[in-house]
Amino acid sequence: MSTEWVPVTAAERANAALIHYPRFKELHDEIRLCQHLSKIAGEPQCMSLEGRTGAGKSTLVKTYARHFPAIETNTGRQTPVLYLEVPSPVGIRDLAAVALKRLGDPAYERGTRAALTMRLIALILDCGVELVILDDFHHLIDKETNHILAQVSDWLKYLIKETGVPFLVVGIEGHVEVILQANPQLSRLFAAREALQPFVWDPGQPATCQEFSRFVEYTERAMECSLTKELPRLELLSRIHRATEGVVGNVMNLMRVANEFAGQRGQPTIELEMLALAYAKRLQKHLNNQLNPFADVALVHPTALITAPTELSRQPASRARRRNSAPALSLQEVLRT
Ligand SMILES: Nc1ncnc2c1ncn2[C@@H]1O[C@H](COP(=O)(O)OP(=O)(O)OP(=O)(O)O)[C@@H](O)[C@H]1O
Ligand SMILES: [Mg+2]
């Protein structure tokens, strides 16, 4: 029986919505190619994927892994794609144990480093692993000393060579590259180097605006919500881009929270006020930005910033709406109070 959580309510569906934007699909195909080519070529075709925090790297690779779930067969469990999070701090034993546990070894922590390694190689082959994904690969840089953990990186090279299975390493931009560059033999195995960049908004290059515009549109559709028409669409999108720096995680955060506020107020669309509040509550500190891109145009109610969402969500929509009959202030006025 599957125990996977399935969103039921509109709010749950909105929060769980997965956006298949073009770059997402493109990278999915790149990973598929590495997995496929490694099966038919003599040498594993490894890939790296980097991007800033919130770019959507983990979501992408976890979604990919879900397409290749483990299955039980007469000869044992088959795990075509092995997704692992690199622990922090990481040592060879830690990483081997995490992988052995995922592959079902009941004694995943028992034995010497060499014994764990030998068991892992055997299990990767027995379980028919076709791709290993190592998320948070930047944990190979020691936080305290800033040194690359050369032993772990050497061990990985050995593992890739011994198993012939390709690895996809995923982590923070710049760091992944530094780790690979520090080990030429490991680096050579990673012919495919990809990045998941934030969306760009440059009116001088209309294609960039179109791409971001489509992403926001996909998001509205997937979340079953719609954005305000208080501003011309282009102006609104430009402000959303400024508010999120084009980072997928920030856009999703803004939309999810603003949509939740709109739901609590019983409003059918996400108004500027909701965007302004969502930005103030969830993004402003993270992005260390003094200016709220929605504040100069949004009208907001004085109680909105101090009312806990859970309190509002317990109220029927009609009562929440009545609360809105208070006189509106500009967000800047509210933030000053
Ligand atoms: N394609 C997508 N569809 C819907 N939501 C997404 C998508 N990609 C990312 N998100 C959302 O953005 C947020 C950040 O995504 P994710 O954790 O994948 O980023 P990351 O690049 O792995 O960040 P970090 O480097 O901090 O680990 C999450 O809340 C996730 O749900
Ligand atoms: Mg991540």
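No lab work stands behind these numbers, since they all come straight from the coordinates. It should be emphasised that the depicted structure is a prediction, and the values quoted were computed from it without experimental measurement. Virtual Cβ from ideal backbone geometry, glycine too; neighbours counted across all protein chains shown.
Spin-label pair ASP296-LEU18: with each label point 7 Å from Cα along the Cα-Cβ axis, the two points sit 4.0 nm from one another. For the stretch 180-230, the list of GluC sites (Glu not before Pro) that fall in a loop by DSSP and count at most 13 other C-beta atoms within 10 angstrom reads GLU224. Across the chain, the mean sequence separation of Cα contacts (distance under 8 Å, 6 or more residues apart), normalised by length, yields a relative contact order of 18 percent.
Taking amide H as placed 1.01 Å from N in the peptide plane, ALA195 has its amide H under 5 Å from the amide H of GLU50, each at least 5 places away in sequence or on another chain.
Of the peptides 153-164, 268-279, the ranking by mean beta-carbon count within 10 Å, highest at the top, reads 268-279, 153-164.
Here the Karplus curve 6.51 cos²θ - 1.76 cosθ + 1.60, taken at θ = phi - 60°, turns the phi angles of the stretch 222-231 into couplings of 5, 8, 6, 9, 9, 8, 4, 10, 5, 10 Hz, with x standing for Gly and Pro. Built from the Cα atoms of the stretch 10-195, the convex hull projects on average onto 11.9 nm², one quarter of its surface area. 3J(HN,Hα) along the stretch 141-154: 9, 5, 5, 6, 9, 6, 8, 7, 7, 4, 5, 5, 5, 5 Hz, from the Karplus curve 6.51 cos²θ - 1.76 cosθ + 1.60 with θ = phi - 60°, whole Hz, x for Gly and Pro. Residue-wise HN-Hα couplings along the stretch 81-92, as the Karplus relation 6.51 cos²θ - 1.76 cosθ + 1.60 with θ = phi - 60° gives them from phi, are 10, 9, 9, 10, 9, 5, x, 10, x, 10, x, 4 Hz; Gly and Pro carry x.
Between GLU30 and ALA192, the contour length at 0.36 nm per residue exceeds the Cα-Cα span by 57.5 nm. Applying both filters, DSSP loop and at most 14 other Cβ atoms within 10 Å, to the trypsin sites (Lys or Arg not before Pro) of the stretch 31-125 gives ARG110.
If you take the alpha carbon atoms of the stretch 18-128 and fit the smallest convex hull around them, that volume is 133 Å³ per residue.
Out of all DSSP beta bridges with both ends in the stretch 44-171, state the antiparallel percent to the nearest 5. Let's see the in-between values first.
Details: 4 of 16 bridges.
Taking every DSSP beta bridge within the stretch 44-171, about 25 percent pair in antiparallel fashion.
The Cα atoms of the chain cover 71, 48, 38 Å along the three principal axes, with the biggest extent listed first. Per-residue extension of 0.36 nm, minus the Cα-Cα distance of LEU37 and ASN288, leaves a gain of 86.0 nm for this segment. Relative to the current alpha-carbon distance between ARG77 and HIS147, full extension at 0.36 nm per residue lengthens the span by 21.4 nm.
Taking the Cα centre of the stretch 110-262 as origin and assigning +1 to Lys and Arg Cβ atoms and -1 to Asp and Glu Cβ atoms, the resulting dipole is close to 300 debye. A simple spin-label model places the labels of LEU231 and ALA114 6.5 nm from each other, with each point 7 Å out along Cα-to-Cβ.
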